[in-house]
Amino acid sequence: MSQSKRDRLAEFFRRLTVLPRAKSFEDAWSQIYQTLNAVEDELTAIPFDPSNWQSDGRMYPPQADNIHSMPGRPGLKRVRTLGHNIFIAANGAMHFRMLGGSDVFSKPGADGKGIADL
């Protein structure tokens, strides 16, 4: 039996919390991608098929074409998902914000600095 999307998202954030702090944008991106897929593989019976992302109920990592530079903020990128903006810094810091504006998860990079510190 699959867990609710809310429970799976909470587990995704829990797992990101216990991972070592990311050292770079690429490291943070990899953690997000791999962790979300692992959560969905373990907690749902929904097979990985990105072509069905709109209808199958599985959460998918954002695609590379949804990465955007932030004007006036070199070293920071915004990654758009269905329900979130994910801000990832060159130091590996990550910050998730619901599209409605609520902050839901934040983690500093390997140097201890978060998105707000950069």
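Restricting the search to strands (runs of 3 or more DSSP E) fully inside the chain and requiring at least 3 residues that are touching a strand residue (DSSP E or B) at 6+ places or on another chain (Cβ under 9 Å) and of a type outside the set (Ser, Thr, Tyr) gives 76-80, 84-89, 94-98, 103-107. Evaluating Trp53 against the criteria (1) over 15 Å from Lys5 (Cα atoms); (2) touching a Phe, Trp or Tyr at 6+ places or on another chain (Cβ under 8 Å) leaves one unmet condition, (1).
Conditions tested, residue by residue: (1) in contact (Cβ under 8 Å) with a residue 24 or more places away in the chain; (2) exposed (fewer than 13 other Cβ atoms within 10 Å of the Cβ).
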{"site": "Lys5", "(1), (2)": "yes, no"}
{"site": "Leu9", "(1), (2)": "yes, no"}
{"site": "Arg15", "(1), (2)": "yes, no"}
{"site": "Glu26", "(1), (2)": "no, yes"}
{"site": "Leu43", "(1), (2)": "yes, no"}
{"site": "Gly75", "(1), (2)": "yes, no"}
{"site": "Thr81", "(1), (2)": "no, no"}
{"site": "Ile88", "(1), (2)": "yes, no"}
{"site": "His95", "(1), (2)": "no, no"}
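Every number here is computed from the coordinates shown, using simple stated rules; none is lab data. Computed from a predicted model, the values in this text were never measured in an experiment. In this analysis, Cβ positions are derived from the backbone assuming ideal geometry, glycine residues included, and neighbour counts consider all displayed protein chains.
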